[in-house]
Amino acid sequence: MTVPVVTRTHAEVATRLRIVIARLNRQLRTETVGTLTLSQWSALVAVETAGPMRIGDLAEHEHVSPPTATRLVASLEDAGLVSRAVDDDDRRSALIALAEPGRRALADVRRKRTEALTARLAGWTDDDLDRLTEALPLLERLAVARPG
């Protein structure tokens, strides 16, 4: 198997890309986070993506301790964003699922982030939009690529 050669150009592009993505992500989060913490948003997305899951699985996914995940789920449950049901496979544990208000909250924040990006792009020229559009498949490929 041939290992790709990493050049200074690769490192420079990677650095610029990392900085731009981090800044844009931070700005979008700041503009649209609402009343939930970033940890709460992350947990909602995890439950949405994986489907019903145990608190221990959520803790592992979010890289937090089980007691932290329990508090996180309790706050989301108090807000009506997730529901808890007994796991039929293990009646001692519960499965956390996204409740309809949680689905709506995620859809709303995604809509707001799209609107924020749309407003930023509104001032761009057609040529700049075309260049960005041409780059999107490369960025999408980068987003799904796994190292190794």
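The values are calculated or read from the model by the stated rules, or taken from the named source; none is laboratory data. The structure displayed is predicted, hence computed values, not measured ones. No Cβ is skipped: glycine too gets one built from the backbone with ideal geometry, and neighbour counts run over all protein chains shown.
Tabulated data for the structure shown
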quantity	calculated
Glu12 vs. criteria touching a helix residue (DSSP H, G or I) at 6+ places or on another chain (Cβ under 6 Å), at negative phi and not hydrophobic (A, V, I, L, M, F, W, C)	no
Test for Gly80: is it touching a residue at least 24 places away in the same chain (Cβ under 8 Å) and either within 23 Å of Leu139 (Cβ to Cβ) or not aliphatic (A, V, I, L, M) (or both)	no
Near pairs, Cβ below 8 angstrom, 6+ apart or cross-chain, from the range 62-75 (on the phi < 0 side of the Ramachandran plot) to any residue that is exposed (fewer than 15 other Cβ atoms within 10 Å of the Cβ) and assigned to a helix (DSSP H, G or I)	Pro66/Gly56; Ala69/Gly56
Qualifying residue in the range 87-99 (condition: without any contact (Cβ under 8 Å) to a residue 24 or more places away in the chain and under 24 Å from Leu17 (Cα atoms))	no
Residues of the range 49-65 classified as exposed (fewer than 15 other Cβ atoms within 10 Å of the Cβ) and either within 24 Å of Ala145 (Cα to Cα) or among the aromatic types (Phe, Trp, Tyr) (or both), total	5
Residue within the range 72-84 that is modelled with pLDDT under 95 and surrounded by 11 or more Cβ atoms within 10 Å (Cβ to Cβ) present	yes
Ala119 being free of Cβ contacts under 8 Å to residues at least 40 places away in the same chain and out of contact with any strand residue (DSSP E or B) (no Cβ under 7 Å at 6 or more places or on another chain)	yes
Criterion: of a type in the set (Gly, Ala, Ser) and either surrounded by 12 or more Cβ atoms within 10 Å (Cβ to Cβ) or farther than 22 Å from Arg29 by Cβ (or both) - qualifying residue of Ala107, Ala143, Ala116	Ala116
